[in-house]
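The values are calculated or read from the model by the stated rules, or taken from the named source; none is laboratory data. Note that the coordinates shown come from a computational prediction; the quantities given were computed from them, not determined experimentally. Please note: Cβ atoms are built from the backbone with ideal geometry, for glycine as well, and neighbour counts cover all protein chains shown.
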Amino acid sequence: GFNCGIVGLPNVGKSTLFNALTATQAAQAANYPFCTIEPNVGRVAVPDPRLDKLAAIAGSAKIINTQLEFVDIAGLVKGASRGEGLGNQFLGNIREVDAIVHVLRCFEDGDVTHVSGKVDPVSDAEVVETELMLADMDSLEKRLPNLEKKAKGGDKESGAEVPVVKKALDALRDGKPAREAKLTDDERAIFARLQLITAKPMMYVLNVEESSAATGNEHSARAEAFATSRGMPSVVISAAIEAEVAQLPAEDQSDYLSSLGLAETGLARVVRAGYALLDLVTFFTVGPKEARAWTVRREATAPQAAGVIHTDFEKGFIRAETIAFDDYVTLNGESGARDAGKLRLEGKEYAVKDGDVFHFRFNV
Ligand code: GDP
């Protein structure tokens with residue numbers, strides 16, 4: 001699966017948010033019998049109204065959403081890049097995730113200490129990002145001399161990596177995240193392998209007090225403007241409300257939310273934003289037993305999609321019978337789509353499109 005690491009300074013509401021995620025996960029566990037529950041990982045269903053339509057047409061007994069994983073990455077403090085606090089462990093964990101969800105404190109609460117004395121999400125964001133940039137700079141600076149030596153000795157791969165490392169270092173020394181490095185298309189492939197923290201896609205979760213959940217507050221407005229100016233998505237939530245809602249039985253949740261002026265949970269918005277941030281694509285498998293959504297990276301091929309379901313499906317892949325979601329709905333299901341010539345036979349090179357309904361044919 002794909003995952004987002006939750007980071008942020010102490011006392012911003014990370015654990016509160018994470019507890020809401022894991023409570024939601026526990027409530028969903030019946031649908032995902034093979035998923036183990038780990039202490040620092042929450043897997044949450046990605047809401048997708050298309051599944052209901054597919055299930056209604058096919059008469060599926062069950063709906064199974066695709067999931068996104070959230071990893072609680074503790075230990076970020078000022079100085080983490082120098083290995084202070086849980087620094088080294090923190091850096092190791094954050095290098096592993098696909099995207100970063102950065103929680104910013106936007107709630108005023110005299111009873112909750114703020115690490116730097118006052119609520120200022122923009123300054124907090126800058127403190128955290130400086131740590132992450134320093135960590136990237138440090139790892140690149142350690143790497144460069146050895147790479148240059150190998151490049152001089154005629155190693156082609158190292159020779160290609162040196163200019164990419166230098167460009168990333170230029171951006172970082174300029175106070176910019178590595179993702180802003182100016183790279184050619186060829187260099188991007190090399191860059192991706194460097195696993196830099198500040199190259200990962202990032203979004204902000206702006207955590208406001210309960211009474212501002214529907215509207216946001218001055219702090220979140222400022223943080224949102226800051227995020228937008230840097231081209232980053234942000235979502236306003238109240239982690240305290242999320243934690244409460246997650247404890248309620250599913251049938252009571254929407255009444256409670258609407259009493260607060262909210263159309264859906266903040267978690268649902270966080271999950272959707274995370275999914276968009278990762279640039280993922282959803283495909284479906286539909287039958288009488290279940291209608292199910294699955295996830296692949298954009299650009300994934302049909303055999304790779306089959307491999308998400310089972311490795312044997314990928315190894316023995318023959319073809320994918322494919323119906324676009326809109327055709328499936330308009331033509332009222334598989335046989336209607338087949339009769340209208342909208343069931344395509346796609347081969348090994350086919351790039352999965354969002355909303356494809358697949359039936360894989362494979363050798364065992
Ligand atoms: P972490 O250190 O970032 O994991 O922060 P916690 O989740 O432990 O939250 C720190 C404190 O802030 C706790 O006492 C929470 O109850 C409180 N807190 C978190 N979110 C909210 C919120 O939305 N509103 C209010 N009033 N307090 C919150």
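The residue pairs whose first member lies in segment 238-253 and is under 13 Å from S212 (Cα atoms), whose second member is charged (D, E, K, R) and within 8 Å of the ligand (Cβ to nearest atom), and whose beta carbons are closer than 7 Å, counting only pairs six or more residues apart or on different chains, are S238/E209; S238/E210; A240/E210; I241/E210. Just so you know, in segment 257-271 the residues that are in contact (Cβ under 8 Å) with a residue 12 or more places away in the chain and over 18 Å from the mean Cα position of the chain (by Cα) include one that is farthest from the ligand (Cβ to nearest atom), and it is E264. Elements of the type helices (runs of 4 or more DSSP H) sitting completely within segment 220-289 and holding at least 1 residues that are aromatic (F, W, Y): these cover 250-259, 266-277.
Which one of the conditions (1) farther than 30 Å from S238 by Cβ; (2) at pLDDT below 95; (3) hydroxyl-bearing (S, T, Y) does T322 fail to meet, given that it meets all the rest? Result: T322 passes all but (2). Applying the condition of being crowded, with 20+ Cβ neighbours inside 10 Å and within 11 Å of the ligand (Cβ to nearest atom) to segment 103-123 and asking which residue is farthest from L196 (Cα to Cα) yields F107. Picking from residues in segment 72-93 that are among the hydrophobic types (A, V, I, L, M, F, W, C) and surrounded by fewer than 21 Cβ atoms within 10 Å (Cβ to Cβ), the one that is modelled with the highest pLDDT is A74.
Being of a type in the set (A, V, I, L, M, F, W, C) and more than 21 Å from the chain's Cα centre (by Cα) is the filter here; which residues of segment 197-228 pass it? Spell out how you get there, then give the answer.
So in segment 197-228, the residues of a type in the set (A, V, I, L, M, F, W, C) come out as 197, 199, 202-203, 205-206, 208, 213-214, 221, 223, 225-227.
Across segment 197-228, the qualifying residues are V208, A213, A214, A221, A225.
Residues that are more than 12 Å from the ligand (Cβ to nearest atom), touching a helix residue (DSSP H, G or I) at 6+ places or on another chain (Cβ under 7 Å) and modelled with pLDDT under 90, at least 1 per element: which strands (runs of 3 or more DSSP E) completely within segment 1-65 meet that? Steps first, please.
Details: elements: 3-7, 41-45, 62-64.
So the answer is 41-45.
Per the conditions (1) within 16 Å of the ligand (Cβ to nearest atom); (2) touching a Gly at 6+ places or on another chain (Cβ under 8 Å); (3) over 22 Å from F70 (Cα atoms); (4) at pLDDT 95 or above, the sole criterion not satisfied by H219 is (2).
Assuming A305 fulfils every condition listed in (1) more than 20 Å from the chain's Cα centre (by Cα); (2) assigned to a helix (DSSP H, G or I); (3) outside the structural domain of H219 (by TED's automatic domain parsing) apart from one, which condition is it? All conditions are met except number (1).
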